[in-house]
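A quick write-up on the structure given underneath.
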Amino acid sequence: MDSAIDSKPLGPFPLAGPVEKPDPHGTPLRGDIAHVALAGTYFVPHYVVPLQRMVGDMGANLRTAPSEESEILWDLSPGQRFDLMDSTPGWAWGWLPGGPVGYVKLSDLLDPFS
């Protein structure tokens, strides 16, 4: 899956008006936060170096919103890498490197370094 994270900044970056919004499920970017690799490409209040996580033994669902009722974007396999960029009680927001962006239940993720 192509994403803006793979592109190089074109700079300089004048604040000259709106920019085309990327696919919200293909680029690790929200209105308040973005992957650190997008600094210089998109302006947000916070840039994050993601925490590497691993999908647990039961697998997981990547969803469009932090809710069991939200649409499933992708079925995640056990052991698959997930880059966590933000969390709320019970949910993680992040992406599969080079792939879709969405929400996963925190209980479905493991810290591979612990």
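What follows draws every value from the coordinates through simple rules; no lab data is involved. Remember, it's a predicted structure, so these values are computed and weren't measured experimentally. Neighbour counts are summed over all protein chains in view; Cβ atoms, including those assigned to glycine, are modelled from backbone coordinates with ideal geometry.
Miscellaneous remarks
- Scanning the stretch 18-37 for residues that are closer than 15 Å to P97 by Cβ and not in a strand (DSSP E or B) returns H25, G26, T27, P28, V36, A37.
- In the stretch 43-76, residue farthest from S114 (Cα to Cα) [restricted to those that are in contact with a helix residue (DSSP H, G or I) (Cβ under 9 Å, 6 or more places away or on another chain) and part of a loop (DSSP other than H, G, I, E, B)]: V44
- Close pairs from the stretch 19-34: first under 15 Å from F82 (Cα atoms), partner assigned to a strand (DSSP E or B) and acidic (D, E), Cβ under 8 Å, at least 6 apart: P28/D83
- Selection count where residues are at positive phi and crowded, with 18+ Cβ neighbours inside 10 Å, scope the stretch 28-79: 0
- Qualifying residue in the stretch 82-98 (condition: part of a loop (DSSP other than H, G, I, E, B), of a type in the set (A, V, I, L, M) and free of Cβ contacts under 8 Å to residues at least 60 places away in the same chain): yes
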